[in-house]
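The values are calculated or read from the model by the stated rules, or taken from the named source; none is laboratory data. Every value quoted in this text rests on a predicted model; they were computed, and no experiment measured them. Every residue, glycine among them, receives a Cβ derived from its backbone with ideal geometry; neighbour counts consider all protein chains shown.
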């Protein structure tokens, strides 16, 4: 797994890195990237998850009862979302 980061300029002139998505390796070693937001600079960086990321993620995944109902469902071809998008 990968994390997708983007450098965000602060008002005081500094920079911080914001996570904007995730990436997953396919069987053929290509990578699918899923963005949660689109950085206004359209520039982002793909990094492998490190030990700290994995430690933070594991307690969240084992949390109270797992995923809510329907959270892991994958839309079927030809289906639609509430917004009417063909997913």
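Summed over the range 38-59, the residues that are surrounded by 10 or more Cβ atoms within 10 Å (Cβ to Cβ) and either touching a residue at least 12 places away in the same chain (Cβ under 8 Å) or under 13 Å from residue 5 (Cβ atoms) (or both) give a count of 10.
In this structure, residue 6 qualifies as over 10 Å from the mean Cα position of the chain (by Cα), surrounded by 11 or more Cβ atoms within 10 Å (Cβ to Cβ) and either farther than 23 Å from residue 58 by Cα or at pLDDT 95 or above (or both). Once the range 9-37 is narrowed to residues that are closer than 19 Å to residue 51 by Cβ and within 9 Å of the chain's Cα centre (by Cα), the residue that is surrounded by the fewest Cβ atoms within 10 Å (Cβ to Cβ) is 19.
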